[in-house]
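The values are calculated or read from the model by the stated rules, or taken from the named source; none is laboratory data. Just so we're clear, the structure is a prediction, and the values are computed from it rather than from any experiment. Reconstructed Cβ throughout: ideal geometry from the backbone, glycine too, with neighbour counts over all protein chains shown.
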Amino acid sequence: MLYCKNCGKPVKRKDKVCPSCGCNLRKPVEEPISGYYKVSNAVVFATLSIVTAFLPGPGVVFGIIGINLGKRDFSKKVVKASIIGLVLSLVSLGIWLYLALK
């Protein structure tokens, strides 16, 4: 059996793209991916947007990137997490500005 090199799901020999993740299957692998959990870039940026929410600049940037990557990967959870990080960053920015101008 063949497996997708991107997500590790089983694929058929005739498939051109992975039915699970859409990855091009020019070179499928003979064994599934094991030994690590593959995390997409969208998840990384969504997490960074929440973690850096209290640093307004990076939080906004990571939130916007996470939203765009989440939409590309069709992941509603990632988009929601990125939006939460973005909103927290904007609130943090408002607080920083309020305190700076006070």
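Quick notes on this one:
- Contact map, the stretch 80-102: first residue in the same structural domain as THR52 (by TED's automatic domain parsing) and surrounded by 14 or more Cβ atoms within 10 Å (Cβ to Cβ), second residue among the aromatic types (Phe, Trp, Tyr) and assigned to a helix (DSSP H, G or I), Cβ cut-off under 9 Å, separation 6 or more or different chains; pairs are SER82/PHE45; SER82/PHE62; GLY85/PHE45; GLY85/PHE62; LEU86/PHE62; SER89/PHE62.
- SER89, sole failed condition from (1) at pLDDT below 80; (2) in contact with a Gly (Cβ under 7 Å, 6 or more places away or on another chain): (1)
- Meets criteria (in contact with a helix residue (DSSP H, G or I) (Cβ under 8 Å, 6 or more places away or on another chain) and more than 12 Å from THR47 (Cα to Cα)) for SER82: no
- Here VAL17 meets the list (1) among the aliphatic types (A, V, I, L, M); (2) modelled with pLDDT of 80 or more; (3) surrounded by 16 or more Cβ atoms within 10 Å (Cβ to Cβ) almost entirely, failing just condition (3).
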